[in-house]
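What follows is a set of notes on a single structure, which appears directly below.
The values are calculated or read from the model by the stated rules, or taken from the named source; none is laboratory data. Quantities reported herein were computed from a predicted structural model and do not represent experimental measurements. Methodologically, a virtual Cβ is constructed for each residue, glycine included, from the backbone with ideal geometry; neighbour enumeration extends over all protein chains shown. Note: areas computed on protein heavy atoms with side chains; ligands, DNA, RNA excluded. Shrake-Rupley method; radii C 1.70, N 1.55, O 1.52, S 1.80 Å.
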Amino acid sequence: MARQGRQTAAGGTRLSSVANAILLMKTFSDEQSELGISALAERLGLAKSTVHRLASTLVEARMLEQNRETGKYRLGLAVFELGSLVRRKIDMSFEAKPWLLSLREQTGETVNLSILDHGSVVCVNFFESKKVNRISSGMGLRKPVHCTAEGKALMAFQPPAAIQQVVDGTLERRTLRTVVNPAALKEEFAVIRARGYATDEEEYELGVRGIAAPVRDDSGVPVAAVGVTGPTQRLTKSRLLSLVRHVNAAANAISARLGDRSIGALTSTG
């Protein structure tokens, strides 16, 4: 029974029911926004009974809606919500660009915009320092939340249950400076919430310091973090603290661009 519903594909196996459900949703278009079972079955080359089961399952998941008058199907609100989520991430990265570039010029260091994703912090935009000795970054680079400035800046403002899950989870010791004590990490999150920014004191990588502040959306919820990262010989502790106003200003300006009005966000790139 475990093998039923699977078919071999290039490089491995796939769930044929999932593949068919995806193909079904891709059948809709601007020109054909509503389709009946017969039309869907014809386009997919599947039996009507199979298509009906697929459509019924997708309706329950809100991926499809059924027109009660015609009986035809159309894409549901869940698809729109998922698409909006992806679009917001793309739009946020684009909208943040002027302030990220300005922040790089102000600090001379590598800057990035990161988001939370499945328990990690992921870079969605970055601009490297122009200096020879610089810290590199990369689109899609994934790091732990407990030992990075961006991760802590975002995690500190999450619901208590989400914070507790991180604190109770596996806290990997990246360096001797990594905070792996649950109580100490929870206390640090409280400090970050109070002051509005987070730092990385060689906790992720020796010889590297960073600072980050949260970016909020139009509902005032932190959805990203703006960070500055540099080598410790240049980004000393005192220098790091002097960057607080620049990082906060960039985070506030991007927040304002996303519609946040909760913290009197700045709107200029200067």
Would you point out the residue of the stretch 135-145, among those that are within 18 Å of Pro214 (Cα to Cα) and in contact (Cβ under 8 Å) with a residue 40 or more places away in the chain, that is most open to solvent (accessible area, probe 1.4 Å)?
Lys143
Which count do you get for residues in the stretch 97-119 that are modelled with pLDDT of 90 or more, within 15 Å of Glu150 (Cα to Cα) and among the small types (Gly, Ala, Ser)?
1
Could you tell me how many of the residues in the stretch 224-236 are surrounded by 21 or more Cβ atoms within 10 Å (Cβ to Cβ) and assigned to a strand (DSSP E or B)?
7
Conditions first: (1) open to solvent by 70 Å² or more (accessible area, probe 1.4 Å); (2) in a helix (DSSP H, G or I); (3) modelled with pLDDT of 95 or more. Leu241 passes all but one, so which condition is the exception?
(3)
Val221 fails exactly one of the following numbered conditions: (1) of a type in the set (Val, Ile, Thr); (2) open to solvent by less than 70 Å² (accessible area, probe 1.4 Å); (3) modelled with pLDDT under 95. What is the number of that condition?
(2)
Scanning the stretch 163-179 for residues that are without any contact (Cβ under 8 Å) to a residue 24 or more places away in the chain, open to solvent by less than 100 Å² (accessible area, probe 1.4 Å) and under 15 Å from Pro144 (Cβ atoms) gives Val167
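Rundown of residues vs (1) touching a helix residue (DSSP H, G or I) at 6+ places or on another chain (Cβ under 7 Å); (2) at pLDDT below 90; (3) open to solvent by less than 70 Å² (accessible area, probe 1.4 Å), yes/no style:
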site: Met1; (1), (2), (3): no, yes, no
site: Gly5; (1), (2), (3): yes, yes, yes
site: Thr13; (1), (2), (3): no, yes, no
site: Ser33; (1), (2), (3): no, yes, yes
site: Ala41; (1), (2), (3): yes, no, yes
site: Gly45; (1), (2), (3): no, no, yes
site: Met63; (1), (2), (3): yes, no, yes
site: Leu82; (1), (2), (3): no, yes, no
Restricting attention to the stretch 100-134, which residues are open to solvent by less than 30 Å² (accessible area, probe 1.4 Å), assigned to a loop (DSSP other than H, G, I, E, B) and not charged (D, E, K, R)?
Gly108, Ser129
Taking the stretch 119-163 and keeping residues among the β-branched types (Val, Ile, Thr) and under 16 Å from Thr229 (Cα atoms) leaves Val121, Val122, Val124, Val132, Ile135, Val145, Thr148
